[in-house]
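Worksheet: the structure to be examined is printed underneath.
The values are calculated or read from the model by the stated rules, or taken from the named source; none is laboratory data. The model shown is predicted, which means the values in this text are computed figures rather than measured ones. Virtual Cβ from ideal backbone geometry, glycine too; neighbours counted across all protein chains shown. Only protein heavy atoms, including side chains, enter the accessible area calculation; ligands, DNA and RNA are left aside. Shrake-Rupley method; radii C 1.70, N 1.55, O 1.52, S 1.80 Å.
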Amino acid sequence: MDMVATSRNVPSVLHGGLIDPDSFMRLVRIEQGLRLGHLVNVVQRDNSGAPLLIEWSRLFDAMIVALAAPLAPWLGWHRALLIAGVATGPLSAGFLSAALAFAVAPITGRGGQSWLWIVPLVGLLLPGIRGFASFGVIHYHIAQLAAVAATVGFAMRAGIAGREPGLRAGWLSGIAGGFALWLMPETMPFVLLSFVALGYVWLFRPIGREIRALGLGFAGMLLLALLIDPPHGGVLAVEIDRLSIIYAALGTAVAAAGIFLAGLDRALPVGPQRGWLGIAGALASFGLWLGVFPSVALGPYALIPPQDMAVFFGHMSETQPVHTLAEAAMLLGPGLLALLFATHRARRARPDRMITGLWLLVCTGIALSVALTARFVIFQQYPAGFAAALLPVALCEASSRWAAQPRRAASARIGTIMLVLLAPYAPSFARAAGASPTPDKPPSCRLRHIAPMMRAAAGAVVLSPPADVPELLYRTRIIAVGSLYQHGIDGYLRAWHAWRAPAAAGESAAFAASGARFVLFCPGGPHDPLADHARKTALWSILSAHHPPSWLTLVAADGKNGFSLYQVRNPRRDRRNPTRA
């Protein structure tokens, strides 16, 4: 289904293309690590020659290397890693389909498991999932959602299964939650919410042993992962955007809460004080952790100085908010539909306090996913995941409600599927229907065949649009000025200032500070926010107008794709060495 949904990408990917810059940068990081004999957190040949720290989890890199290893002796690592990386998209989509079906199976009702097949059929077509599961995207966004779904599924079984099966499910839920945080800490709110749901069940049932198993599994997984994959600064380095001591401490806090609840089950199996003591103990454990690491509460705003936040995050597509009605329908619509259905189920279950509370927690998770996506579209897979998971539950309810009227039940099921599948695309369809057709333009500013043109700049610093840097590093031997990665804010700002500084009268100080000896530019490229409100005398503006300044000499031009490579003529003598900046 993933291949069908993104079939338009197949020809480009088969010819060595990938869909987004991060996919290229991941392959660059893996290849550079293999040359050193181990996976790394640092990328060379970016940041004006200084090492660039990219704190992605190396767990996903290891998966790609494992897939590529059997192919490498015949194809070489470069080609084998590309094939293995592309294969992670369909594999992650399959893992997600299975995990979502596994998570929702216990609540589909009697006979409801016959509708679980609808999860992959519809889920992979929803925009929030399809965007990250596209063929040719090499990233862990789908894998992390699958890990969260597995965490929820095991937590649910820990709460409803018998003693020994529940204990095993508790361990597995904790391990899956640790695995999710190892992939990316942005999974933390949803992993913790599933733990909170199990804690809520504890208020009604003595399942402290299961929660203790969950906590120990969670803590053990995170501690083991930290030893295997520490941050660049070491095991004790505090990093909020990847696995670090922060999250190992969180695992310890969850384990402590679980041990406390198990102890209460033995000491106070019944009584009004049991619930309040359990809540107080769990909150104290979590509060102590948050007090030690308060930067976690700031999220991405703790990563970058406030004065650089607008410039940097404003140019990253994944950190943009939802802007248009079409975007809202596509990325938020499935989550809002899921929220309406979960609210309906909570109202129906009102006589049962435990079930009502659990559905309200589901509503909380959906609302959180919608709010996060509205602010940062990088969370778009979560509302879609909730919608896909709850669809079998809705179909089961339609079947049971109109069991005596098969035709009405069938109509309700078909309508529900069409609503979830088509409503997110409705504004886009309407806009496309009203738009006048535009003639197809020949492809331009493609980097696939850029390598021969860039041989003259091999080993030299080249100023290019930051979004092009990952693919340039993958295909050539140049050194880039800067790209869009959080620990490379200095390099990105050097590129930003170099492009926007006045250039008509001569080489600017900002350009000299970048260390660039060459400039690569394509006037017909897609809009780059870097050029917004740039002056007419800025380097970007005059190259866009096809009027290169006199201090740049044309070295090579690609008439087919539109790229021009310029060399700096008589560079300023006060140019600093960027690797020492």
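Estimated at the nearest 10 Å², the accessible area of Leu81 is 0 Å² with a 1.4 Å probe. Each residue, His546 and Leu121, gets one label point 7 Å from its Cα in the Cβ direction; the gap between the two is 5.4 nm.
Report the relative contact order of the range 474-524, percent, no decimals, based on alpha-carbon pairs under 8 angstrom and at least 6 residues apart. It rounds to 27 percent for the range 474-524.
FRET efficiency for the pair Leu268 and Arg448, taken as 1/(1 + (r/R0)^6) with r the Cβ-Cβ distance and R0 = 60 Å, rounds to 0.35. Per-residue surface analysis assigns Asp265 an accessible area of about 30 Å², computed on protein heavy atoms at 1.4 Å probe radius.
Using a cut-off of 12 Å between beta-carbons, work out the net charge of the residues near Arg455 (Lys and Arg +1, Asp and Glu -1, Arg455 not included).
Local net charge: +2.
Between Leu422 and Glu31, the distance separating the two model label sites (each 7 Å from Cα on the Cα→Cβ line) works out to 4.6 nm.
Rolling a 1.4 Å probe across the protein heavy atoms gives the chain an accessible surface of 44 Å² per residue.
Quarter the surface of the alpha carbon convex hull of the chain and you get the mean projected area, 29.5 square nanometres. I'd like the carbon and sulfur percentage of the solvent accessible area for the chain, probe radius 1.4 Å, heavy atoms only, ligands and nucleic acids excluded. So the carbon and sulfur contribution to the accessible surface is 65 percent. Any idea what angle helix 406-422 forms with the longest principal axis of the chain, computed on alpha-carbon atoms, 0 to 90 degrees, nearest 10? Taking the Cα atoms of the chain, the angle to 406-422 is about 30 degrees. Each peptide in 218-225, 478-485, 545-552, 394-401 was scored by the mean count of other Cβ atoms within 10 Å over its residues; highest first, the order is 478-485, 218-225, 394-401, 545-552. When nucleic acids and ligands are ignored and a 1.4 Å probe is applied, Arg168 ends up with an accessible area of around 140 Å². Each peptide in 370-379, 492-501 receives the mean, over its residues, of other Cβ atoms within 10 Å, and ordering these scores from highest gives 492-501, 370-379. Each Cα pair under 8 Å and six or more residues apart adds its separation to the average, and for the chain the resulting relative contact order is 15 percent. Placing pseudo-labels 7 Å out from each Cα toward the beta carbon at Ala62 and Thr356 gives an inter-label distance of 4.6 nm.
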